[in-house]
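The values are calculated or read from the model by the stated rules, or taken from the named source; none is laboratory data. On a predicted model such as this, the values are computed, not experimentally measured, just so you know. Positions of Cβ are backbone-derived with ideal geometry, glycine not excepted, and every protein chain shown enters the neighbour counts.
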Amino acid sequence: MKPAPMKIWFLTTEFPPFYGGGIGTYMSHAVQMFAAAGHEVTVFVPGEENIEQRQSARIRLIRFRPGHDDLGKAAGSPEPDAHPAFPFNVMSYWPAMSYRFAIEVGKLIAREGPPDLIEVQDYSGIGYYLLQQKLLGQAGLSETLILVHLHTPGFEILALDRFPDYRLPEYWVGRMERFSILAADGRICPSRFLRGKVVETITGGRGELDVDVIPLPFKPLEVQATEPEGDTKTIVYVGRLEPRKGVLPLVACCDSLWREGEDFKLLMVGGDTDYYTRGVTVGEYLRRRYEARRGQGGYRLVCRRSGGNGWQQ
């Protein structure tokens, strides 16, 4: 017997074509999968304007303007919540964004009733205020299941990127993520490794937490393979230049092979990120550390700074 169609709402900071990344890739495949199964899907994502549009018969996109761009505007009242940028005028970025998500969900519940399920990303704790409202018994939320998807919470990313996790506001964002994971009605995760890591961090290795492992949905594209040009051997890395991605040991390993006489090139393509403990970006560190190899043509670094407009060699 085929299950009845559900109303499923997704809360995310990434959704193509507006924002790209791992979460955005998951969202692209997940909404198509649920819509194809007959479910009604609504996606909430922050954007530059308030707009509601249908991407297909069963996929609706709600983009909302958070308000952080309005911080320079004049307030019409001395009350903080009357400012056009509220709540960004009284909170740091991610707590304010979480609050805005809760407002947008509340608006839609008031207009057309609650959904059967809300799935929210773990990253940056955007479900924090929504889950607080549910636990306080807010109308429309108390009967709605809220599921947190563990993509990789920020408190794990900061540790892997050697970032000081006690620094503010990152510390409090990590607490928001922890609360959201613990307060959710359910938790899903794409890998057993990530589940084990997050559970160990949250419980200090002393307890268990129910997390269902569900592999990521993916529809492969048909790509026509082509023969490589020339005789040069090339290793290509595509992804952010970030410590947690393993780029530092990758280049170090290649450097060892070059010293042993191996002849190949390493091509790295991706957005640059901060290398906090060095006070530079990862791309800048690699360029300086392996400048001699670059001069010998040993490898090429092609990277784009986060937020930058152009490519840098």
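Being farther than 17 Å from Y99 by Cβ and surrounded by fewer than 15 Cβ atoms within 10 Å (Cβ to Cβ) is the filter; apply it to the stretch 111-144 and report the residue that is modelled with the lowest pLDDT.
Applying the filter and picking the extreme gives A139.
Here's the yes/no breakdown for (1) over 24 Å from the mean Cα position of the chain (by Cα); (2) not small (G, A, S):
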residue: I62; (1), (2): no, yes
residue: L71; (1), (2): yes, yes
residue: A75; (1), (2): yes, no
residue: R100; (1), (2): no, yes
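Conditions first: (1) part of a strand (DSSP E or B); (2) free of Cβ contacts under 8 Å to residues at least 60 places away in the same chain; (3) under 19 Å from the mean Cα position of the chain (by Cα). P17 passes all but one, so which condition is the exception?
(1)
Of all the residues that make up the stretch 167-178, how many are modelled with pLDDT of 90 or more and surrounded by 16 or more Cβ atoms within 10 Å (Cβ to Cβ)? First the steps, then the outcome.
Let us first name the residues in the stretch 167-178 that are modelled with pLDDT of 90 or more, namely 171-178.
When the remaining residues are screened for being surrounded by 16 or more Cβ atoms within 10 Å (Cβ to Cβ), the result is 173-174, 176-178.
Residues in the stretch 167-178 being modelled with pLDDT of 90 or more and surrounded by 16 or more Cβ atoms within 10 Å (Cβ to Cβ): 5 in total.
Would you check if there is a residue in the stretch 206-225 being more than 30 Å from F179 (Cα to Cα) and touching a strand residue (DSSP E or B) at 6+ places or on another chain (Cβ under 6 Å)? I'd like the intermediate steps shown before the answer.
Just the residues of the stretch 206-225 that are more than 30 Å from F179 (Cα to Cα), to begin with: 219-225.
From what is left, the residues that are touching a strand residue (DSSP E or B) at 6+ places or on another chain (Cβ under 6 Å) are none.
No, the stretch 206-225 contains no residue that is more than 30 Å from F179 (Cα to Cα) and touching a strand residue (DSSP E or B) at 6+ places or on another chain (Cβ under 6 Å).
Exactly one of these conditions fails for P84: (1) of a type outside the set (F, W, Y); (2) within 26 Å of L158 (Cα to Cα); (3) surrounded by 14 or more Cβ atoms within 10 Å (Cβ to Cβ). Give me its number.
All conditions pass for P84, except number (2).
Please pick out the residue among V236, V199, V269 that is in a helix (DSSP H, G or I), β-branched (V, I, T) and over 23 Å from S92 (Cβ atoms). Break it down stepwise before answering.
Values: V236 fails: in a helix (DSSP H, G or I); V269 fails: in a helix (DSSP H, G or I).
Going through V236, V199, V269 in turn, just one is in a helix (DSSP H, G or I), β-branched (V, I, T) and over 23 Å from S92 (Cβ atoms): V199.
Take the stretch 176-196 and flag every residue that is under 17 Å from the mean Cα position of the chain (by Cα) and in a helix (DSSP H, G or I). So that I can check it myself, show each step before the final result.
First, pick out the residues of the stretch 176-196 that are under 17 Å from the mean Cα position of the chain (by Cα): 176-178, 180-181, 187-191, 194-195.
Matches in the stretch 176-196: M176, E177, R178, S180, I181, L194, R195.
Go through (1) surrounded by 14 or more Cβ atoms within 10 Å (Cβ to Cβ); (2) farther than 30 Å from V280 by Cβ; (3) among the basic types (K, R) for R206 and report which single condition fails.
(1)
Restricting to the stretch 256-275, what's the tally of residues that are aromatic (F, W, Y) and exposed (fewer than 15 other Cβ atoms within 10 Å of the Cβ)? Reasoning before the result, please.
Pass one, the stretch 256-275, residues aromatic (F, W, Y): 258, 264, 275.
With the extra rule that they be exposed (fewer than 15 other Cβ atoms within 10 Å of the Cβ), the set shrinks to 264.
Residues meeting the conditions: 1.
If you check D210, D165, which single one turns out to be over 30 Å from G279 (Cα atoms) and in a loop (DSSP other than H, G, I, E, B)? Even if it seems obvious, please write down each step before you answer.
Working: D165 fails: over 30 Å from G279 (Cα atoms).
Exactly one residue qualifies, and that residue is D210.
Identify all residues within the stretch 50-81 that are outside any strand (DSSP E or B) and crowded, with 18+ Cβ neighbours inside 10 Å; write none if there are none. Steps first, answer last, please.
The initial filter retains those residues of the stretch 50-81 that are outside any strand (DSSP E or B), namely 50, 57-58, 65-81.
Selection gives R58, P66, G67.
For the stretch 20-49, enumerate the residues that are in a loop (DSSP other than H, G, I, E, B) and more than 23 Å from S98 (Cβ to Cβ).
Answer for the stretch 20-49, where residues must be in a loop (DSSP other than H, G, I, E, B) and more than 23 Å from S98 (Cβ to Cβ): A37, G38, H39.
In this structure, does P78 turn out to be over 25 Å from I188 (Cα atoms), assigned by TED's automatic domain parsing to the domain that holds L11 and either among the small types (G, A, S) or in contact with a helix residue (DSSP H, G or I) (Cβ under 7 Å, 6 or more places away or on another chain) (or both)? Even if it seems obvious, please write down each step before you answer.
Values: over 25 Å from I188 (Cα atoms): yes; assigned by TED's automatic domain parsing to the domain that holds L11: yes; either among the small types (G, A, S) or in contact with a helix residue (DSSP H, G or I) (Cβ under 7 Å, 6 or more places away or on another chain) (or both): no.
Taking the combined requirement at face value, the residue does not satisfy it.
Can you name the residue in the stretch 123-151 that is under 22 Å from G67 (Cα atoms) and part of a loop (DSSP other than H, G, I, E, B) and, of all such residues, is nearest to the chain's Cα centre (by Cα)? Write out each step before concluding.
First pass over the stretch 123-151, keeping only residues under 22 Å from G67 (Cα atoms): 123-133.
The next check asks that each one be part of a loop (DSSP other than H, G, I, E, B); those that pass are 126-127.
Working: I126: 11, G127: 13 Å.
Looking at residues that are under 22 Å from G67 (Cα atoms) and part of a loop (DSSP other than H, G, I, E, B), I get I126.
Answer yes or no: is there a residue in the stretch 229-241 that is within 24 Å of the chain's Cα centre (by Cα) and under 30 Å from L136 (Cβ atoms).
First, pick out the residues of the stretch 229-241 that are within 24 Å of the chain's Cα centre (by Cα): 236-241.
Next, from what is left, pick out any that are under 30 Å from L136 (Cβ atoms): none.
No, there is no match, as no residue in the stretch 229-241 is within 24 Å of the chain's Cα centre (by Cα) and under 30 Å from L136 (Cβ atoms).
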